[in-house]
Amino acid sequence: MNVKIIEMPLDYGGRRHGSDMGPSAIRLAGIKSKIESLGHTVIMEGQPVAIPPQENADIGTNPNAKYLAPIVEACTSLAEDVEQSVACGEFPLILGGDHSIVLGTLAGLSAHFRTTGQRIGVLYVDAHGDFNIPETSPTGNIHGECLAASAGFGLDELVNLYVEGRKVDPENICYVGVRDLDAGEKRVMKEAGVTVFTVSDIDRLGFAEVVKKVRLFFKTRCDVVHISFDMDALDPSIAPGTGVPVPGGLSYREALLLMEEMEAIGMVKSMEIVEVNPILDVRNETALMAISLAARILGEKLY
């Protein structure tokens, strides 16, 4: 398989600097050689648009959607790259950056799969919901509004990015690892109809049972699956290199199992890994774990 690695060092969506260096940290940790060792051909793609440092960007006049214009510009360019990649039969692997890049990824995937009539499902592995709308956002940071906009809720500029309308049916969105939701965001998520497996659900049911439910979720309602993996889904004790750490996260073994089981259903056609912040990392451990997660989705087995 041809795997196209697209680096997207966009960090306008969050408050904390450093995730713009995430793609280079993952690259320098050896992602190309790891994927090639699995028998795939790797196509390295530089960032699709020049992204100046956050302090030089236009924050805009809307306090509930900071850096709106440069995020729309960057994610529109990413969408074009992703659409072209899947149209060529490649597996796009997008390296962020903060989670606002999902706006571009899902816009590109939607533009392509609308033409084929295939239903997109999204596995969102994250400590957070990223489902605020401007009226509920406590910060105005777009990385907290990005999935809501992709599902059709929020600012028109984000909802209609690249192609008009929502990019994924919220009923085809499944979260794993959630443990930090804003009150208003929670209400929007429930009204939208997304499926959520919190860390409490994992404790009640056991992780193997949650994974079984996740697999069934996608096999019964979608044709293709995109995985959006925020490294803060992992517990910060093992993945310190991320900007919004929340205690009580997934273990490394649980995350690897989830990726193995998703690969086994044969529906995953794209993936993004976001919020690696090497400024906060220790010996690049978080970037190395990101590589292992991608490798499991691309077929790596322990035995």
From most to least accessible, 1.4 Å probe, no ligand or DNA/RNA atoms counted, Thr139, Thr195 line up as Thr139, Thr195
For Thr242, solvent-accessible area (1.4 Å; no DNA, RNA or ligand), Å²: 0 Å²
How many percent of the accessible area of the chain is carbon or sulfur, using a 1.4 Å probe? 49 percent
Between Lys32 and Lys212, what is the label-point separation in nm under the 7 Å Cα-to-beta-carbon projection? 4.3 nm
Heavy-atom surface of the range 81-220, accessible at 1.4 Å and reported per residue (Å²): 36 Å²
Quick check: Cα centre of the range 80-151 to Cα centre of the range 1-68, how many Å? 14 Å
Got a number for the accessible area of Arg114? Probe 1.4 Å, square angstrom, nearest 10. 120 Å²
Sequence of His17, His99 when ordered by accessible area, the most exposed leading, probe 1.4 angstrom: His17, His99
Tally of Lys pairs whose C-alpha atoms are under 14 Å apart, taken over the chain, 8 or more apart or cross-chain: 5
Once amide H atoms are built 1.01 Å from N in the peptide plane, which residues 5 or more positions from Val196, or in another chain, come under 5 Å H to H? Tyr175
Would you calculate the volume per residue, in Å³, of the smallest convex hull containing every Cα atom of the range 59-214? 112 Å³
Excluding ligands and nucleic acids, what accessible area in Å² is computed for Asp182 using a 1.4 Å probe, to the nearest 10? 50 Å²
Computed D for the range 155-228, Stokes-Einstein, Kirkwood radius over alpha-carbon pairs, 37 °C, 0.692 mPa s, to the nearest µm² per second, is 236 µm²/s
Helix-only mean residue ellipticity at 222 nm, the chain, DSSP H runs n ≥ 4 weighted -39,500 (n - 2.57), per residue, nearest 500. What is it? -11500 deg cm²/dmol
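The values are calculated or read from the model by the stated rules, or taken from the named source; none is laboratory data. Note that the structure is a prediction, hence the values are computed from the model and not measured. Note: ideal-geometry Cβ built from the backbone for every residue, glycine included; neighbour counts use all protein chains shown. The area values use the complete protein model at the heavy-atom level, side chains included, leaving out ligands, DNA and RNA. Shrake-Rupley method; radii C 1.70, N 1.55, O 1.52, S 1.80 Å.
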